[in-house]
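The next block holds one structure in the form of structure tokens; read it before the comments.
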């Protein structure tokens with residue numbers, strides 16, 4: 001029986017929590033392996049492991065000094081104590097192997113698109129800091145014995161740009177999350193009442209990150225008004241009190257479209273079905289993504305996906321998306337308006353979304369693919 005150390009330390013928030021939850025839930029059904037988990041203190045996945053039976057896990061304090069001690073001393077002891085055969089980092093920087101093989105799931109899309117100035121929206125000083133972090137992430141990823149990708153474009157670029165041997169890469173597509181039929185909480189129900197369901201609501205399920213291009217929302221809403229389309233609202237999953245939210249609202253008021261924007265705050269993974277029942281489309285205007293839960297959720301819940309027209313997005317979505325020029329408010333507005341008015345286009349999208357979903361594994365199937373790859377490496 002093989003002993004696997006599952007590194008979940010980098011997964012602290014966002015869509016990665018759902019991915020980690022799916023992994024922990026289904027890997028326990030595989031009897032041929034023993035898993036020990038590394039998890040950051042206080043995260044949702046930490047709480048999940050605490051409430052799980054017969055699970056070995058080590059809590060890692062996120063404070064920089066504690067992480068340094070962990071990397072320098074504790075990790076080696078954990079590997080020895082649990083007789084670890086291989087380390088699998090689900091997402092994030094790889095850990096030092098200390099004599100055992102390491103496998104890394106890579107979602108840092110910008111590392112493999114060096115021609116794109118990913119951090120250009122930040123100050124020069126901030127850019128230096130972020131690029132140093134990227135350098136560390138790239139080096140730690142490339143030193144892994146194998147890399148798992150969820151995007152074919154990134155896998156191809158790793159091979160061509162960084163000469164990673166193809167047999168040391170693996171493409172495993174994201175899984176369709178499982179959603180339990182849980183009742184809606186009163187608190188969430190109150191927040192969702194801010195959504196005007198008489199309008200066409202486009203969901204931006206994200207936090208504040210310049211990559212997401214949320215600042216374009218007031219501009220394309222203004223262009224929609226010029227087209228005579230006054231029934232489109234944008235629903236954003238961040239708090240209205242956030243400074244960036246206030247700046248966006250200020251711009252929206254200047255353009256007289258602030259009444260078409262709703263801030264509903266963050267939504268926990270198990271609450272997503274209730275949110276998707278209230279919306280009509282999904283927006284993803286990112287410069288780059290490895291993948292995004294927004295994509296597969298839009299297909300699963302049969303909502304049109306308005307996404308940046310780029311190499312990475314077309315590699316993922318193929319004909320199951322409505323592509324827009326993320327930097328052109330007029331084009332975004334035109335694509336939205338055309339979709340709303342074109343029943344044939346709507347039917348075709350739903351057909352394509354249903355078809356592409358067949359290519360994606362269930363959470364259990366994905367975990368099996370991951371473990372099979374780890375076992376393959378161990379058997380070499």
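All of the numbers you see were taken from the coordinates with simple rules; none came from a lab. This structure is a prediction, so every number in the text was calculated from the model and none was measured. Positions of Cβ are backbone-derived with ideal geometry, glycine not excepted, and every protein chain shown enters the neighbour counts.
Structure summary
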{"item": "Helix 217-226 axis, angle to the chain major axis (alpha carbon atoms, nearest 10°)", "result": "30 degrees"}
{"item": "Calculated P(r) tail over 29 Å for the chain, as whole % of Cα pairs", "result": "46 percent"}
{"item": "Rounded tilt (10° steps) of 343-357 against the dominant C-alpha axis of the chain", "result": "0 degrees"}
{"item": "Region 330-364 and region 216-257: distance between their alpha carbon centers, rounded to Å", "result": "23 Å"}
{"item": "Inter-label distance for residue 25 and residue 364, nm, one decimal - labels placed 7 Å from Cα along Cα-to-Cβ", "result": "1.2 nm"}
{"item": "Tilt relative to the chain, helix 243-254 - C-alpha long axis, 0 to 90 degrees, to 10", "result": "20 degrees"}
{"item": "Rh (Kirkwood; distinct C-alpha pairs) - region 186-357, Å", "result": "16.1 Å"}
{"item": "Order by protection proxy (mean Cβ within 10 Å, highest first), peptides 32-40, 349-357, 201-209, 131-139", "result": "201-209, 32-40, 349-357, 131-139"}
{"item": "Stokes-Einstein diffusion coefficient of region 1-47, Kirkwood radius over Cα pairs, 4 °C, 1.567 mPa s, in µm²/s", "result": "116 µm²/s"}
{"item": "Cα-projected label distance for residue 71 with residue 352, points at 7 Å along beta-carbon direction, nm", "result": "4.3 nm"}
{"item": "Relative contact order, percent, the chain [alpha-carbon distance under 8 Å, six or more residues apart]", "result": "16 percent"}
